[in-house]
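For reference, the structure discussed in these notes is given below.
The values are calculated or read from the model by the stated rules, or taken from the named source; none is laboratory data. Predicted model, so just to flag it, every value in this text is computed and none were measured. Cβ sites come from the backbone with ideal geometry, for glycine too, and all protein chains shown count toward neighbours.
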Amino acid sequence: MTFRIGNGYDVHRFGDGDHVVLGGVTIPFKRGIVAHSDGDVVIHSLCDALFGAAGLGDIGRHFPDSDPEHKDADSREFLRRAIGLLRAQRFTLVNADMTIVAEAPRVSAYIPSMINNLAADTGSNPGKINVKATTTEGLGFAGRGEGLACYASVLLAVES
């Protein structure tokens with residue numbers, strides 16, 4: 001077995017709306033996300049980490065925001081398609097770790113549902129998926145309540 005590490009990062013600004021989507025979970029909130037798709041920073045960063053570890057570019061290469069097919073798309077479909085591409089090249093997800101960066105909304109109550117969604121979409125055991133959240137203590141764009149972000153790290157195994 002050969003192992004490959006990847007990392008991803010995604011950020012979106014807040015805009016009009018009444019919810020955000022994180023890890024495939026709709027979370028009621030006083031604002032929405034400005035994005036071409038549903039703006040799910042958890043899944044977008046995870047896709048980038050997966051593509052990076054596999055040497056397949058990034059999410060924009062596979063699901064460009066210039067393509068009308070992706071307008072208002074459910075990011076869970078992006079993740080399922082990304083996993084399909086990795087499986088075709090004999091990659092297996094060993095584990096994934098995501099960190100949501102936001103002052104609000106508070107997401108801890110939604111993390112178990114996010115983990116279940118991500119495990120289902122990657123065909124993994126939920127024990128291989130970790131999601132956590134942090135604030136920036138009022139610093140930067142997240143601290144000012146302008147948007148939110150997510151970092152992702154993955155470990156892939158591939159038959160050599």
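Every residue in the stretch 21-32 that is of a type in the set (A, V, I, L, M, F, W, C) and either under 25 Å from LEU93 (Cβ atoms) or at pLDDT below 95 (or both), please.
First pass over the stretch 21-32, keeping only residues of a type in the set (A, V, I, L, M, F, W, C): 21-22, 25, 27, 29.
Passing the criteria: VAL21, LEU22, VAL25, ILE27.
What is the one condition in (1) over 16 Å from the mean Cα position of the chain (by Cα); (2) closer than 17 Å to THR122 by Cα that GLY24 does not satisfy?
With respect to (1) over 16 Å from the mean Cα position of the chain (by Cα); (2) closer than 17 Å to THR122 by Cα, GLY24 is out only on (1).
In the set ARG76, ARG87, which member is closer than 21 Å to HIS36 by Cα and assigned to a helix (DSSP H, G or I)?
ARG76
Among the residues of the stretch 26-52, count how many are part of a helix (DSSP H, G or I), crowded, with 22+ Cβ neighbours inside 10 Å and not hydroxyl-bearing (Ser, Thr, Tyr). Full working, then the answer.
Quick first cut of the stretch 26-52, residues part of a helix (DSSP H, G or I) only: 41-52.
From the residues that got through so far, the ones that are crowded, with 22+ Cβ neighbours inside 10 Å too are 41-51.
Then drop every residue that is not not hydroxyl-bearing (Ser, Thr, Tyr), which leaves 41-44, 46-51.
Within the stretch 26-52, residues that are part of a helix (DSSP H, G or I), crowded, with 22+ Cβ neighbours inside 10 Å and not hydroxyl-bearing (Ser, Thr, Tyr) number 10.
Give me the residue from the stretch 86-137 that is within 19 Å of ARG76 (Cα to Cα) and among the acidic types (Asp, Glu) and, out of that set, surrounded by the most Cβ atoms within 10 Å (Cβ to Cβ).
Residue satisfying both the conditions and the ranking: ASP121.
Keeping to the stretch 75-104, report how many residues are among the β-branched types (Val, Ile, Thr), touching a residue at least 60 places away in the same chain (Cβ under 8 Å) and touching a Phe, Trp or Tyr at 6+ places or on another chain (Cβ under 8 Å).
Total satisfying the criteria: 1.
Considering only the stretch 135-160, state which residues are among the small types (Gly, Ala, Ser) and assigned to a strand (DSSP E or B).
GLY147, ALA149, ALA152, SER153, ALA157
Cβ-Cβ distance below 9 Å, separation of 6 or more or different chains: which pairs start in the stretch 139-150 with a residue that is closer than 19 Å to ASP38 by Cβ and end on one that is assigned to a helix (DSSP H, G or I) and hydroxyl-bearing (Ser, Thr, Tyr)?
Listed pairs, sorted by first residue: ALA149/SER45; CYS150/SER45.
If you check GLY60 against the conditions, is it at pLDDT below 95, assigned to a helix (DSSP H, G or I) and surrounded by fewer than 22 Cβ atoms within 10 Å (Cβ to Cβ)?
When the stated conditions are applied, GLY60 passes them.
Quick test for you: out of ASP18, ASP40, ASP48, ASP10, pick the one residue that is touching a Pro at 6+ places or on another chain (Cβ under 7 Å), acidic (Asp, Glu) and modelled with pLDDT of 95 or more.
After applying the criteria, what remains is ASP18.
Tally the residues that are at pLDDT 95 or above and more than 22 Å from ALA104 (Cβ to Cβ), restricting the search to the stretch 131-158.
Counting residues in the stretch 131-158 that are at pLDDT 95 or above and more than 22 Å from ALA104 (Cβ to Cβ) gives 5.
For the stretch 105-134, enumerate the residues that are within 26 Å of GLU146 (Cα to Cα) and not in a helix (DSSP H, G or I).
The answer is PRO105, ARG106, VAL107, ASN130, VAL131, LYS132, ALA133, THR134.
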